[in-house]
Structure formats: C-alpha cells, structure tokens
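The values are calculated or read from the model by the stated rules, or taken from the named source; none is laboratory data. Only a predicted model underlies this, so the values are computations on that prediction, with no experimental measurement involved. Every residue, glycine as well, gets a Cβ built from its backbone with ideal geometry; the counts of neighbours run over all protein chains shown. Side chains are part of the model used for accessible areas, which takes the heavy atoms of the whole protein and leaves out ligands, DNA and RNA. Shrake-Rupley method; radii C 1.70, N 1.55, O 1.52, S 1.80 Å.
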Amino acid sequence: MTDTYQKTATVTKAPVFSMAQVAPWVIAVIFLMVLPIAFGSNSAITIMNQMMITIVFALSYNMLLGQGGMLSFGHAVYMGVGGFFCMHLMNIVEANELPIPLPVLPIFGGLFGLGLATIVGSFSTRKAGTVFAMISLGIGELIAACSVIIVAFFGGEEGMPGDRTYFLPFFGTEFLRQIEVYYLIAFWTVLSALLMYLFSRTPVGRMANAVRDNPERAEFLGYSARWVRFFSFCGAGFFAGIAGGLFAINYEILTETNLSTTQSGIILLITFLGGVGFFFGPILGAIAFTLLQSVLSLQSEIWQLYLGALFLATVMFFPGGLAGVLMMHVPAARMGRLGWLVGPYLRTILPALIGIAGLAALMELLFHVRHSATGDTDMTLFWVTFDSHSILPWIVAIVATVGGIWLARQGAPKLRETWHRANTPGAAKTTGGAA
Amino acid sequence: MTVPALQLEGLRKSFGKTEIIRGVDLSIGRSERHAIIGPNGAGKSTLFNLITGRFPQTSGKVRLHGHDLAGMAPFEINRRGLSRSFQITNIFSNMTVFENVRCSLLWSQGYKYSFWNMVSRSRELTEGAMEILEQINLTSRAQLPAGVLSYAEQRALEIGITIAGGADVIMLDEPTAGMSHSETDYIVELIRKVTENKTLIMVEHDMGVVFGLADYISVLVYGEIIATGRPEEVRANPKVQEAYLGAALEAEH
Ligand SMILES: Nc1ncnc2c1ncn2[C@@H]1O[C@H](COP(=O)(O)OP(=O)(O)OP(=O)(O)O)[C@@H](O)[C@H]1O
Ligand SMILES: [Mg+2]
C-alpha cells in the first residue's frame, strides 16, 4: 500500500513502523468503530456486515489474482467449505454445550479452508495460466456438485442452518443483536486485512509478485515457482475460510449457492472492479459492489445488466480498476495540481453521467413496456412517475442520452490536454501561460 | 587434484532431428574466467540452457563441483551456487528495480519460503540491494518499474540480478550486447570485480571484452568445441582463425 514510504523509511533506519504505514490502519479501525454510530439502522448494519465479509473474501482472492498471477474460477469453494464447517461446529457446540466463545469460530473456518487449499494446491499450482484456471473451475464444479450428493455435510438443497447464540457468552455478549455481530466481523476484517497485507511484505509474498511477472527467472533465483504459488494459494484458502466463518456467523445458514461458480465469478468481478494492482483495490471493489448491489437491486429489476456493463467498462477502459484510477492521480497530486483537473472533469463527467442516466432510462422504459402487466403503464424512474407508453419520456431519455454523450465528447479533448499538462513537470496550467 | 567447478562430458542436445550440441567435453576450473565464443547459431546459448537446467540434455553429463546435475530444476541448480544471466533480457518488468534486486537476494540470504519475516525490516536485504544498485549505476532508478528502463539499463539490471545472490559460479550470456563503449568498459570492470575468486563462464561477441577478461577461451562451432586454451593459444590456432576468429577480429577494426 505504501511501497515508496516503506523503502525510504528502512534505508534511513526509521522506527520499526513508519507513520505512513500505520496511519491507514488506525484510520480504518476508528472509521469502523464509529460507522455504526452514524448508520445505526438494522438495514445499514446488514449491508456493512456483508461489505466486510466481502472485503475479506476479495482480499483473499487478490492474493491469487493480483499478487500471485493466478486466475481462479473456483475461489467460492474455500469460503463456502469453511463456512459449512463453521455451521457444523456451531451445531456441535449447541448440542454438547461446549465452552467455546463465538468470536474464535472464524479461525476454524480458516483452518478448514487452508486444509482444502493444501490438498487442491498440491496439484493445481504446478502451472499458472490456463491450466490453473481450468483446474480451479473443475474443482469448483466438483465441490458444488458434491453439495447435493453429500447431504450430511452440505445439507442438500435446504442448506445448513445453525444458531450462533448458544456459544459461551463472550464478556457478557451473546451476539443476539446485529451490532454485536458487526463488531465481531469488524475485528476479523481488520485482523485478516492486516495479516494479508503483512503476508505481501514477506519473502514468499514478494516472490509471489516475482513469479507472477516472470516465473522462469524466479526459478533461476533459487525459488520454485510452483512452491511460491502453493504458499499464496494456501494463504488465500485460509482467509477465504475466515470469510466463510464470518458469513456463517452473520447469516446463520450456508447453502449450495455459497459454493457456486456464480459466486466465484462475482468475487473475480469485485476484485477486478476494485483493482488488482494495489492492496486496497479489492476493498474498494467490495464496498462499491455491495453498495451498488443493495441500492440498485431495490431500484431496478435489471440491475445485473448495469453491473455487467460496469464490469465491461472497467475491463476495457480502466484495467487498473477503481484503485488504479485513484492512484493515477498521485503524480498530479504530488505537484499540487489536482485543482487543474476539477473544471475539465466536471465538464466531461457531468454530461457523461446524464448520458448514462438517459441510457439507463431507455433500458428501464423498454423493460417496463415489454414486461409489465397489461394495462399497467405507470412507472417511476428517478423519483418521477409517468406513463411509459406515452412518447414524452422516450424523447427525454433519448435527448439526455445523445446530448449527454455529445457534450462529454466535446469536453474530452480539453480534459486530455489538461491531464497531460498536470502530469508534465514544469508545465503551466494553460497553454496561454506556457507561451 | 581439485574438482573442477564445472565439467561437461559428452553433452548432446537435439531439437527434433537436428542436433545442436554435438558432444561437448569441457572442464572449467575453480576461480577461472572462461569465455565461450563462436559464430551465431553455434549453440552457445543452448549450451548455457543445458548447464542451468532450462532444457534437459539428450545425453551426456553436467557436473557442478563434481555433482551430477541430471534431472535438477533450475532452482535446485541455483541453490548449489550457480547463477546465470540471459541473452534476451529476463527481468521482472512490473516490479521496481529495487524489488528486482532484493528478490534476487532472498534465497541466498536464507529466507527461503518465509512468511514470518518482513523484507523491509531486514537491513542486510535493503543495504545489500542498494549496494548492488550502486554497482550497476541504477541507484537513481531504484523506484521505477524495471520495464521502463532503457535497453542498456535493463542489461545492467540483468547482470545485477545475476550477481546479487553471490553465487560462486556465474554464467553471463552476452553481458555487453547493445551497450555503448563506455558502458561496456564499466560493466567489464564490474564483472572483473564481482567475479574475483569466483568462476565465470561468459559468452561474448566483443573480442576486446573476451581477451581482456578471460583466462581461458573455448571456441564453439556447430555444436562442437574446436579449440580450448589460453587466449594467445586460441588466437594463434589456425583452425580457429579459419572458422571464426579471423572474421570476428577483422570486424573489430
Ligand atoms: N528451443 C529451441 N528449439 C529449437 N531450436 C532451437 C531452440 N533453441 C535454439 N535452437 C536452435 O539452436 C541453434 C543454436 O542456437 P543458440 O541460441 O544456442 O545459438 P548461439 O550460439 O547462442 O547464437 P547467438 O550468437 O546468435 O546467440 C540455432 O540454430 C537455433 O535455431
Ligand atoms: Mg546466444
């Protein structure tokens, strides 16, 4: 996260950890502590819990994709299996009244995920690339299929339910309330993120990057590319298992959907959306995705279409994801020139947003006309209720789309030019000033 | 009698039907600087690839300090103290220059697959990497991604990565290719310095470099060594004159 700071810090023999390294973590902890005070409603906490679980899962996925260069299509398996194992533990604790507090449960999920990853990794990490991707897909399908065969473990189609409140009270807490679960998950999220970050700074974590970039050369430096991949794979399995344990605690049920390849696909999407090139990328991805999902799914029936479009746009135009877009601005920010960009950004992004909204309105109109019950012509969009069969909303939507995109394209050259100048040391703000 | 650092016995390699290395016997003593020269396509790089485990040989033996290397992977051979560079630059282009060098120090400093040490907390690693960067004149480039370096800088990094681990047998495949005169002179001095008391095996087309550095020279033509010996002997050898050196020396002037 703070690569540059770190190096200069060690060269000048700075204290064990520098301010720049510790600050983001302290801020994150404080932020997570006060968040429920600002958003205390049950629905908000539900969303935040889901967000944090997704963060752990996405970070673990990025240990493979971003740091190790392994494209997995079956990562949900490790989270799912870890979660199922925790459900069983939950039921065992309930049946035998074992004196175990709930907060330690995720570690068992992690260990189970680790165990499975050790077995699968022993043969799947031999090669990266297509071979690895195909094996991950195969294993994913295989274990998902097991969920309907091995009913005793996976609970068949109903899934595996449990009850988190039978654990030994933890300092008087029985985790009956959402908010208590929130703090439990927050603790594990910070701890897991920190451990994953530290892992990336260890010799094997550094070599994971090297093997990702050039496995052959890594071998000529004494490291077996295969074993380096194996260690990353095991780490990813462990933290996915922890995410599974958190899921088990939060939802008190796991079903076959937790193991499905759809789930594996979603985590790939989230991680890519956030950006695989930076440690904090998947965190952004998980937050953005969960917000979009919970907001859009309430507003629109075709929200998955928008998500798909967003993913496509990310892959095509911003392969660095949200984190990449943010970090693109660092050089300009260092030179104190972010202000230069505000005007051109507004003149491009605002019309672009209007254009996108217009396009979305067209989609919604089309969907409403085709799929609503006959006679039901009223629809509400952007807080306005109108008749979807009349011509006016269509005209408005088309004008917004065409006009917005046209304006955005008008603003683009200026933005490109200002961007270039803001990133050229010594350049003036406007061409007039330079002349 | 001391065991040679590297010993090749009847080494052969075929790609499909064409035999590229056609029975090479060579013994390179400890702390010897040995240059391998020969025309393009003679099989010099292939010979390097056979020695370092990049390709399996068709037949014959490679011994490093007397140990047979048959069936060993490159990383196992590297751990036995052999390090090599590549003719076509082979670096970690998305990582910073500093990271490139630091990664090449990890195994030799005994970190193995450790996931309980922080690399940034180790003074030996940081200072070791900075020292190598100093030697290859890339200190000012330390924080840049290796992929954005100029060609000559990437060649210097290639050498830096190879020598960083402190292997006692160092193999360089055309280390000065594409460098300017002054860069070449600098790199030659660096190679001389870091291979002090080590075994150096080098493929090189620049005869100035070869005759300046090498204690021994072997001439490889069409997969066979046609001559091996002290520089002056090789230079005077009529077979070598005819097959390669005459043309190569002429090209120098
Ligand atoms: N992997 C391979 N598969 C098939 N043929 C190969 C392979 N590698 C090398 N060759 C062939 O072996 C021959 C020797 O190649 P090599 O690269 O060893 O030559 P060289 O002596 O290093 O030449 P140069 O001076 O140009 O680097 C060439 O004819 C080449 O085409
Ligand atoms: Mg060659």
note = Karplus ³J(HN,Hα) for segment A:63-73 (6.51 cos²θ - 1.76 cosθ + 1.60, θ = phi - 60°; Hz, whole; x = Gly/Pro) runs 4, 7, 6, x, 8, x, x, 10, 8, 9, 10
remark   = Relative contact order of chain B (C-alpha contacts under 8 Å, at least 6 apart) in percent is 26
key: Net charge of Cβ neighbours under 9 Å - reference A:M379; Lys, Arg +1; Asp, Glu -1   = -4
ask   = How about A:K127: which aspartates and glutamates have a C-alpha closer than 17 Å to its C-alpha, ignoring those fewer than 8 places off in the same chain?
value = A:D213, A:E216, A:E219
task = Starting from the residue with the highest accessible area, list A:L137, A:L116 in decreasing order, probe 1.4 Å.
result = A:L137, A:L116
key: Segment A:T257-A:L168, length gained on full extension (0.36 nm per residue, minus Cα span)   = 29.1 nm
ask   = Just how large is the dipole of segment A:27-303 about the Cα centre, in debye to the nearest 20, putting +1 at every Lys and Arg Cβ and -1 at every Asp and Glu Cβ?
value = 1060
message = Could you report the buried accessible area between A and B, both sides summed, computed with a 1.4 Å probe and given in Å² to the nearest 100?
response = 3300
inquiry  = Under the rule a/c < 1.5 gives rounded, and otherwise a/b versus b/c splits prolate from oblate, where does segment A:51-205 land using the Cα gyration tensor?
reply    = oblate
key: Estimated FRET transfer efficiency (B:D215, A:A20; beta-carbon r; R0 56 Å; 0.05)   = 0.65
ask   = Got a sec? Charge dipole of the protein assembly as shown, +1 on Cβ for Lys and Arg, -1 for Asp and Glu; which of B:A42, A:I242, B:A214 is way out at the positive end?
value = B:A214
ask   = Once the Cα atoms of helix B:151-164 and of chain B are each reduced to a long axis, what angle between those two axes, in degrees from 0 to 90 to the nearest 10, is obtained?
value = 80
ask   = How far apart, in nm, are the 7 Å Cα→Cβ label points at A:L310 and B:S180?
value = 5.2
key: Extended-chain gain in nm, criterion 0.36 nm per residue less alpha-carbon gap, B:Y222 and B:D25   = 69.5 nm
task = Consider all pairwise Cα distances in segment A:190-229 and report the whole-number % of them above 13 Å.
result = 49
ask   = Let a ≥ b ≥ c be the square roots of the eigenvalues of the Cα gyration tensor of segment A:330-422; is it rounded (a/c under 1.5), or, if not, prolate (a/b larger than b/c) or oblate?
value = prolate
message = I want the local charge near A:G339. Using Cβ-Cβ distances under 14 Å, sum +1 for each Lys or Arg and -1 for each Asp or Glu among the other residues.
response = +4
note = Sorted largest first, the C-alpha extents of segment A:27-303 along its principal axes in whole angstrom are 56, 42, 42
query = Given +1 on the Cβ of Lys and Arg, -1 on the Cβ of Asp and Glu, and no further charges, what dipole in debye does segment B:1-97 carry about its Cα centre, rounded to the nearest 20?
reply = 80
remark   = Simple spin-label estimate for A:L71/A:V399, 7 Å along Cα→Cβ, in nm, reads 4.5
query = What are the residues whose amide H is under 5 Å from the amide H of B:I36, where those residues sit 5 or more places off or on another chain and H is modelled from the backbone?
reply = B:M202, B:V203, B:E204, B:S218
request  = Using the structure shown, list the pairs from B:K13/B:K239; B:K13/B:K193; B:K44/B:K239; B:K61/B:K198; B:K13/B:K112 with a Cα-Cα distance above 26 Å, or answer none.
outcome  = B:K13/B:K193; B:K13/B:K112
query = What nm value, rounded to one decimal, do you get for the distance between A:I179 and A:F39 when each label is placed 7 Å out toward the C-beta?
reply = 1.6
task = On the protein heavy atoms, probe 1.4 angstrom, tell me the percent of accessible surface of the protein assembly as shown carried by carbon and sulfur.
result = 64
request  = Compute the acute angle (0 to 90°) between the alpha-carbon long axis of helix B:181-194 and the principal axis of greatest extent of the alpha-carbon atoms of chain B; round to the nearest 10°.
outcome  = 80
query = Once amide H atoms are placed 1.01 Å from N in the peptide plane, what residues at a sequence separation of 5 or more from B:R84, or on another chain, have their amide H within under 5 Å of its amide H?
reply = B:M171
request  = With a/c under 1.5 counting as rounded, go ahead and sort segment A:201-346 into rounded, prolate or oblate using the C-alpha gyration tensor (a ≥ b ≥ c being the square roots of the eigenvalues; past the cut-off, prolate if a/b is larger than b/c, else oblate).
outcome  = oblate
Relative counts (whole %) of C-alpha pair distances in chain B, using bins that are 5 Å wide = 1, 6, 13, 17, 19, 17, 13, 9, 4, 2, 0, 0, 0
ask   = Long-range amide H contacts for A:L254: which residues qualify at under 5 Å (H placed 1.01 Å from N, peptide plane, sequence gap of 5 or more or a different chain)?
value = A:M160
remark   = Residue-normalised value, i.e. accessible area per residue, for the protein assembly as shown at 1.4 Å probe, in Å², stands at 46
remark   = Looking at segment B:98-147, residues buried by 50 Å² or more relative to their chain on its own, accessible surface at probe 1.4 Å, turn out to be B:E99, B:C103, B:Y113, B:F115, B:M118, B:V119, B:S120, B:R121, B:Q143
note = Computed over all unlike Cα pairs, the Kirkwood hydrodynamic radius of the protein assembly as shown in Å stands at 29.2
note = Between A:E157 and A:M134, the FRET efficiency computed from the C-beta separation at R0 = 30 Å comes out, to the nearest 0.05, as 0.60
note = Phi angles of segment A:249-261, converted by Karplus (6.51 cos²θ - 1.76 cosθ + 1.60, θ = phi - 60°) into ³J(HN,Hα) in whole Hz with x for Gly and Pro, give 5, 6, 9, 6, 7, 10, 10, 4, 4, 5, 9, 5, 5
ask   = So if R0 is 51 Å, what FRET efficiency would B:H67 and A:L142 give, r being the distance between their Cβ atoms, rounded to the nearest 0.05?
value = 0.75
key: Candidates A:Y182, A:Y306, A:Y78, ranked by Gaussian network fluctuation over chain A, Cα under 10 Å, top entry   = A:Y306
ask   = Per the helix-only calculation at 222 nm, which mean residue ellipticity applies to chain A, given -39500 (n - 2.57) for every DSSP H run of n ≥ 4 and division by its residues, nearest 500 deg cm²/dmol?
value = -24500 deg cm²/dmol
request  = Apply the Karplus parameterisation 6.51 cos²θ - 1.76 cosθ + 1.60, with θ equal to phi minus 60°, to every residue of segment B:54-62 and state each ³J(HN,Hα) to the nearest whole Hz, in sequence, with x for glycine and proline.
outcome  = 6, 10, x, 7, 6, 7, x, 10, 10
query = Can you list the aspartates and glutamates whose alpha carbon is less than 12 Å from that of B:K17, not counting same-chain residues fewer than 8 positions off?
reply = none
